[in-house]
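Have a look at the structure below, then the notes.
We did not get these values from a lab; they are worked out from the coordinates using the rules stated. Owing to the predicted nature of the structure, the values given are computational and were not obtained by experimental measurement. Cβ placement follows ideal geometry from the backbone for every residue including glycine, while neighbour counts extend to all protein chains displayed.
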Amino acid sequence: MKHSLLALFIAAIALPAMAQDPEVKSFTVGNFDEPTAEEAREGDGSWWERAPFQWYSVYSGNQIFYTADQLAPLAEAPSKITEVAFKYGDDGAFCVLEADLNLLIENTSAGQFYKNPDTQQYEWYTYDPTAPSSALKYQVELYYMEDQEIHFVLDRPLEYAGENLVITLWSQRTSDEEVNSSVTLTYAVKTNAYTNMSYGDDYDSFQACYDSGVQADAQAPRKLVPVVKFYYTEGTDAIASVAADTAAPARLYNLQGVEVDPDNAPAGIYIRRQGSTATKISIR
């Protein structure tokens, strides 16, 4: 019995030394490295078709569904998404662009946008403000840009659940120069459902539009998704995750993603996050 315990103890000590960082893999939806003419959405007469960000506007926002079929490489083994990158092109814009960018990514069973029969407007997907996220202060000189990546590193990996993904993005242009949208483009691929809904305006933020629920006819969803590259690792560390969650402090957020003091929170619905676990709670 003593020999067995000693063997287990030695193995437990040796394991951390043998552990290696998981291999980071990637795959793309659409031709990311060399987008084709079919994938370049240059205009179609409407600036709002450029997703995920509309540089024409001071504020922009976008929600995109990627289907389980498009995400098949993630389902080959337990996988965690660690980074997301989009691809842009330019055909002659002349300015230095600066913007604050934000991204949230979630698993979902939903796969497209639907019209509310009462309002006859398409509705935004209700996103989780505590989902894995990334924020960038983005700057690019459009004088010289040919193909530009916008690369988001998530604040924590998203464990892929084998279903669809929804990505919520929003931006605020912080430079004074207006970008001529007729010469900037996003590479995108066509879909069979309404999988991409955009917003752009110079007066109201995406959050204000999202909170109001209003969706202008010109901003109704499109049957396309931006070309994207997902970076991911395979395998799971469920035991480590449970331990980390147990040790992590619990934090409380309202439905707008603003952290609140649990001891002074007014009555309402909140998101409670501890480690990588998020639950919706009601305070009365």
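Details
- Local charge for Thr168 was computed over the other residues whose Cβ lies under 11 Å away, with Lys and Arg +1 and Asp and Glu -1, and equals -2.
- Rounded, prolate or oblate (a/c below 1.5 giving rounded, otherwise prolate when a/b exceeds b/c) for the range 53-149 by Cα gyration tensor: oblate
- Applying 0.36 nm per residue to the separation of Asn254 and Lys115 and subtracting their alpha-carbon distance, the gain on full extension is 47.4 nm.
- Where a label projected 7 Å from the Cα of Ala193 along Cα→Cβ would reach, residues of the range 109-123 with amide N under 15 Å: 109-115, 123
- Here's how it looks for Ala188: its modeled amide H is under 5 Å from those of Ala40, Arg41, Val227, which are all 5 or more places away or on a different chain.
- Applying 0.36 nm per residue to the separation of Glu163 and Glu123 and subtracting their alpha-carbon distance, the gain on full extension is 12.3 nm.
- Simple spin-label estimate for Glu149 and Cys95 gives 2.6 nm between the two label positions (7 Å along the Cα-to-Cβ direction from each Cα).
- The distance between label points at Ile281 and Glu141 comes to 5.1 nm (points 7 Å beyond Cα on the Cα→Cβ vector).
- Distant-in-sequence amide H partners of Leu224 (H built 1.01 Å from N, under 5 Å): Thr191, Thr195, Asn196
- Cα centre as origin, Lys/Arg/Asp/Glu Cβ charges: the range 25-234 dipole, Debye: 500 debye
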